[in-house]
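Peer 1: The structure is given below, and queries will be raised subsequently.
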Amino acid sequence: MRSSTGQHVVVAGGGLAGIRTVAALRDAGFDGRVTMLDRDPECDHDRPPLSKGFLTGTHSEADIRLPRAAELDADERVTAEAAGLSARERVLHLRGGVSLGFDGLVIATGLRARTLPGSVRVPTIRSIHDARRLRAALTGRAGRLVVIGAGFIGTELAASARELGWQVTLIARESNPLTRALGQTMGRFVADLHWRHGVDVRAGQGAHEVTDTPDGYRVRLAGGEVIEADLVVAAIGAIPNTEWLDDTEILTGDGVHTDAGLRVLDRARVPVSGIVAAGDVARSPHPLFPVESVRVEHWSNANEHAKTAAATLLADLSNTAPVVRHAAVPSFWSDQYDQKILAVGLPHLADYATVVEGDPSEGRFLIAYTRNQQTVGAAGVGTTRSLARYRRAIATATQRENPPQAITDGGGPSAVSTTQEET
């Protein structure tokens, strides 16, 4: 690449996607100035352990801390919140009236936890601050915990609290936990898993109201039942941090819209050179899946986005053609008790799901997910090698690995949902 000395890249967002993009820029030879900014100076932690090992004590803060600015060869790390953007003038406006000029901009502002309405502030778990408070509340005593929301975060939190000796009630708005992300068959497996470990799973019910009492909380379900609790946590999904772009020319709507190279789109859907988005906040087309655009909230996606975002940004800054990158198949996992649920692709896009190997009742199985007869994902327990075959099949856009149907499940996610944690 041509020398980038004298050029300035600003990375708005200091989480995984932002950090990985800085590393990718340096790995690719960018020798200009890099400024990272985030409103939270402690956002540099790996998020998956926050609802699992960090709560139970198997992971310390040092174990999950991501590289800091100096370790990444970033020139400056600023604790500040992005408040606006003038894309044409190449100026990022910060809350408090300060502005930063840039040649290239990475938008990696991530998500924030969705909160329950009402007068009682129900704790959530998204940041290291949330996890510290929750760990302190769960450790050293046992009581009654109600977890509202049975997506990945909610089910993992329920499992962690059981390991710590708490009596747990898990409230799922849908008919089973994880149904929206992985369908009914996996949902029933996860519900049974939690029942066997002593969790009271209340499926098909929403929390209507949470009130506090002198001794704790009272959770009223939509059907009228009241559950007393010492602690309540809401795990009902997350919202993209895009409000700061509302009055700009950048197209937003459940994320920052981009082209396939993660270059942001303006409101006329024209790519904006020199500005990219990465990670949870980016909504982009994916060549391997039959949808216009998708926003994926997985750890692996943030890593893959970083490579693409850096390549596109460097091409724009040097006026060269971007390197065409291989589109990676998303993958994710969830550890609950002694089980590891693994998945590839985007199962939530499916209109049909089939058990193609093993049997959930035996604790070893694989589910294939299709949409209009195209494989869009697979998920299973104890079937890692078979899952790898599906990953290759999705990556090569061939359906050779789509095996005969053994057990039918018409309950696969039918909507193009783009979040993985809501219930």
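Peer 1: Report the residues of segment 127-149 in range of a label on Asp230: point 7 Å along Cα→C-beta, backbone N strictly under 16 Å from it.
Peer 2: From segment 127-149, the list is 134-147.
Peer 1: I need the calculated FRET efficiency for the pair Val98 and Arg141, taking r as the beta carbon distance and R₀ as 56 Å, to the nearest 0.05.
Peer 2: 0.80
Peer 1: Dipole of the chain (Lys/Arg Cβ +1, Asp/Glu Cβ -1, origin at the Cα centre): which of Gly140, Gly261, Val11 lies farthest to the positive side?
Peer 2: The listed residue farthest towards the positive side: Gly261.
Peer 1: Now for a different question. What's the carbon and sulfur percent of the chain's accessible surface, probe 1.4 angstrom, rounded to a whole number? Before the final figure, lay out the partial values.
Peer 2: Values: 8270 of 17430 Å².
Exposed carbon and sulfur together represent 47 percent of the surface.
Peer 1: Anyone know which of Lys340, Lys52, Lys307 comes out most mobile in the 10 Å Cα GNM of the chain?
Peer 2: It is Lys340.
Peer 1: Hey, can you rank 363-376, 380-393 by average C-beta count inside 10 Å, highest first?
Peer 2: 363-376, 380-393
Peer 1: Kindly report the accessible area of segment 154-210 per residue (heavy atoms of protein chains, probe 1.4 Å, no ligands, DNA or RNA), in Å². Don't skip to the answer; put the middle values down first.
Peer 2: Values: 2030 Å² over 57 residues.
The answer is 36 Å² per residue.
Peer 1: Related question: Mind listing which GluC sites (Glu not before Pro) in segment 227-273 are in a DSSP loop and have 16 or fewer other Cβ atoms within 10 Å? Present the calculation step by step, with values, prior to reporting the outcome.
Peer 2: Numbers: sites: Glu228, Glu243, Glu249; in loops: Glu249.
Here the sparse-neighbourhood loop sites are Glu249.
Peer 1: Then there's this: Specify which residue in the list Leu346, Thr56, Ser175 is farthest towards the positive end of the charge dipole of the chain, using unit charges on the beta carbon of Lys, Arg (+1) and Asp, Glu (-1), about the Cα centre.
Peer 2: Of the listed residues, the answer is Leu346.
Peer 1: Can you work out ³J(HN,Hα) from phi for every residue in segment 49-63, in order, using Karplus 6.51 cos²θ - 1.76 cosθ + 1.60 and θ = phi - 60°, giving whole Hz and x for Gly and Pro?
Peer 2: Going residue by residue, I get x, 4, 9, 10, x, 5, 6, 7, x, 7, 10, 9, 4, 5, 5 Hz, with x marking Gly and Pro.
Peer 1: Please list, in chain and number order, the residues 5+ apart from His45 or on another chain whose amide H is under 5 Å from its amide H, with Hs placed from the backbone.
Peer 2: Leu66
Peer 1: Now for a different question. Highest GNM mean-square fluctuation, the chain, Cα pairs closer than 10 Å: which of Pro214, Pro67, Pro41?
Peer 2: Its mean-square fluctuation being the largest, the pick is Pro214.
Peer 1: Taking amide H atoms as placed 1.01 Å from N in the peptide plane, list the residues 5 or more away in sequence, or in a different chain, whose amide H sits under 5 Å from that of Arg202.
Peer 2: Leu170, Ile171, Ala172
Peer 1: Then there is this: Take the alpha-carbon centre of segment 91-111, take the same for segment 136-178, and report the distance between them in whole Å.
Peer 2: If we compute the Cα centre of each part, the gap is 37 Å.
Peer 1: List, in order, the whole-Hz ³J(HN,Hα) value for each residue of segment 274-290 obtained from phi through the Karplus relation with A = 6.51, B = -1.76, C = 1.60 and θ = phi - 60°; use x for Gly and Pro.
Peer 2: Couplings: x, 10, 10, 10, 8, x, 4, 7, 8, 10, 9, x, 10, x, 8, 10, x Hz.
Peer 1: Oh, and also: Over segment 247-398, give the accessible area per residue in Å² for a 1.4 Å probe, as an integer.
Peer 2: That works out to 38 Å² per residue.
Peer 1: Assign one of three labels to segment 1-136, namely rounded, prolate or oblate, based on the Cα gyration tensor with a ≥ b ≥ c the square roots of its eigenvalues; rounded applies when a/c is under 1.5, prolate when it is not and a/b is larger than b/c, and oblate otherwise.
Peer 2: It is oblate, given that a/c is not under 1.5 and a/b is not larger than b/c.
Peer 1: State whether segment 123-179 is rounded, prolate or oblate according to the following rule on the C-alpha gyration tensor (a ≥ b ≥ c being the square roots of its eigenvalues): a/c under 1.5 gives rounded; otherwise a/b larger than b/c gives prolate, and the remaining case gives oblate. Spell out each step's value before the answer.
Peer 2: On the way: a/c = 2.41, a/b = 1.41, b/c = 1.71.
Oblate is the answer for segment 123-179, as a/c is 1.5 or above yet b/c matches or exceeds a/b.
Peer 1: At what distance in nm do the modelled label points of Asp247 and Gln339 sit from each other, each positioned 7 Å from its Cα along Cα→Cβ?
Peer 2: About 5.0 nm separates the two model spin labels.
Peer 1: List the residues, sorted by chain then number, that are 5 or more residues from Val294 or on another chain and whose placed amide H is less than 5 Å from its amide H.
Peer 2: Residues meeting the amide H criterion: Ser284, His286.
Peer 1: What distance in nm separates the two pseudo spin-label positions at Ile239 and Ser361, each 7 Å out from Cα along the beta-carbon direction?
Peer 2: 4.5
Peer 1: Please compute the contact order of segment 203-249 in relative form: average sequence separation of alpha-carbon pairs under 8 Å and at least six residues apart, divided by the residue count, as a percent.
Peer 2: Relative contact order, segment 203-249: 24 percent.
Peer 1: Give me the percent of DSSP beta bridges within the chain that run antiparallel, rounded to the nearest 5.
Peer 2: Approximately 65 percent, going by the DSSP bridge assignments.
Peer 1: Go through segment 65-145 and name the GluC sites (Glu not before Pro) that are in a DSSP coil and have 16 or fewer other Cβ atoms within 10 Å of their Cβ.
Peer 2: Glu81, Glu89
Peer 1: Using the heavy atoms of the protein chains and a 1.4 angstrom probe, tell me the accessible area per residue for segment 75-147 in square angstrom.
Peer 2: Counting only protein heavy atoms, the per-residue value for segment 75-147 is 49 Å².
Peer 1: Separate question: Which whole-angstrom value gives the distance between the alpha carbon centres of segment 254-279 and segment 356-394?
Peer 2: Measuring centre to centre over Cα atoms gives 32 Å.
Peer 1: Counting only helical runs of four or more DSSP H residues, what would the 222 nm mean residue ellipticity of the chain come to if each run contributes -39,500 (n - 2.57) and the total is spread over all its residues?
Peer 2: On the way: 9 runs with 97 residues, N = 423.
Dividing the helical sum by the residues of the chain leaves -7000 deg cm²/dmol.
Peer 1: Roughly how big is the chain's charge dipole about its Cα centre, with Cβ charges of +1 (Lys, Arg) and -1 (Asp, Glu), in debye to the nearest 20?
Peer 2: For the chain, the charge dipole is close to 460 debye.
Peer 1: Taking 0.36 nm per residue of separation and subtracting the Cα-Cα distance, what length does fully extending Asp75 through Ala388 add?
Peer 2: 108.7 nm
Peer 1: Another one. Out of the DSSP beta bridges found with both residues in segment 1-158, what percent are antiparallel (nearest 5)?
Peer 2: 40
Peer 1: At 1.4 Å probe size, what's the solvent-accessible area of Thr211? Round to the nearest 10 Å².
Peer 2: Surface accessible to solvent at Thr211 totals approximately 40 Å².
Peer 1: If you don't mind, there's one more thing I want to ask. Which of the three applies to the chain, rounded, prolate or oblate, going by the alpha-carbon gyration tensor with a ≥ b ≥ c and a/c under 1.5 meaning rounded? Don't jump to the answer; show the numbers that get you there.
Peer 2: Numbers: a/c = 1.97, a/b = 1.33, b/c = 1.49.
Judged from the Cα gyration tensor, the chain comes out oblate (a/c at least 1.5, b/c at or above a/b).
The values are calculated or read from the model by the stated rules, or taken from the named source; none is laboratory data. Every value quoted in this text rests on a predicted model; they were computed, and no experiment measured them. Note that we place each Cβ from the backbone using ideal geometry, even for glycine, and neighbour counts take in every protein chain shown. Areas reflect the complete protein model, heavy atoms only, side chains present, ligands, DNA and RNA absent. Shrake-Rupley method; radii C 1.70, N 1.55, O 1.52, S 1.80 Å.
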